[in-house]
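Single-structure report; data block below.
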Amino acid sequence: MAKNDEHGKVVAENRKARHEYLVEDTLEAGLMLTGTEVKSLRTGRANIQESYASPENGEMWLINAHIPEYEQGNRYNHEPRRKRKLLVHRREIDKLQGVVKREGMTLVPLKLYFDQRGRAKLLLGIARGKKAHDKREADKERDWNRQKQRLMRQNY
């Protein structure tokens with residue numbers, strides 16, 4: 001279920017975010033998790049599709065991310081959709097807060113993974129929402145590139 005890439009062992013990926021948003025910049029943030037949340041993530045089960053990050057009161061929060069309960073967690077288990085604090089430097093929080101307020105950008109979680117040291121990290125995208133015509137244009141571009149590759153393979 002979990003796979004490895006340049007960031008480490010990927011637990012959850014929000015592939016739809018690249019279709020819905022134009023990602024202009026990315027930021028890596030740590031997550032403040034409980035023990036059962038980490039164990040549940042290690043099994044490779046999480047969903048960040050409908051989640052988003054929000055700066056509130058000088059802190060950064062991950063909202064609406066679903067990390068299912070750990071089966072062996074009994075009474076010490078966590079709530080699956082609770083708000084989770086993101087570990088980001090104060091300068092970055094201030095910068096992101098300004099970008100979100102002034103420029104109307106959104107903080108979209110792109111990937112949830114374990115880094116080489118075994119710590120849970122979240123790749124946040126600083127993004128602007130795409131309009132319907134932008135999405136259609138991106139689809140046309142992708143289809144054309146695919147077709148070009150097919151033609152190139154047939155000719156050689």
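The values are calculated or read from the model by the stated rules, or taken from the named source; none is laboratory data. Here the structure is a predicted model, which is why all the values come from computation and not from measurement. Cβ atoms come from the backbone with ideal geometry, glycine included; neighbour counts cover every protein chain shown. What goes into the accessible areas is simple: the full protein's heavy atoms, side chains included, and nothing from ligands, DNA or RNA. Shrake-Rupley method; radii C 1.70, N 1.55, O 1.52, S 1.80 Å.
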How do the pairs read when you match residues in the stretch 132-156 that are surrounded by 10 or more Cβ atoms within 10 Å (Cβ to Cβ) with residues anywhere that are in a helix (DSSP H, G or I), using Cβ under 7 Å and keeping only pairs 6 or more apart or on different chains? Lys135/His19
Among the residues of the stretch 64-78, which ones are open to solvent by 30 Å² or more (accessible area, probe 1.4 Å), out of contact with any helix residue (DSSP H, G or I) (no Cβ under 6 Å at 6 or more places or on another chain) and not in a helix (DSSP H, G or I)? Asn64, His66, Glu69
Residues (open to solvent by less than 60 Å² (accessible area, probe 1.4 Å) and either within 18 Å of Tyr70 (Cα to Cα) or touching a Phe, Trp or Tyr at 6+ places or on another chain (Cβ under 6 Å) (or both)) located in the stretch 9-33: Val10, Val11, Ala12, Leu31, Leu33
Residue list for the stretch 93-131, filter: open to solvent by 60 Å² or more (accessible area, probe 1.4 Å) and farther than 17 Å from Val11 by Cα: Asp94, Lys95, Lys101, Arg102, Glu103, Arg128, Lys131
So Arg75 fits all but one of (1) modelled with pLDDT under 80; (2) basic (Lys, Arg); (3) under 24 Å from Thr26 (Cβ atoms); what number is the exception? (3)
The lone condition Arg82 fails out of (1) buried (at least 16 other Cβ atoms within 10 Å of the Cβ); (2) assigned to a loop (DSSP other than H, G, I, E, B); (3) free of Cβ contacts under 8 Å to residues at least 40 places away in the same chain; (4) of a type outside the set (A, V, I, L, M) is (1)
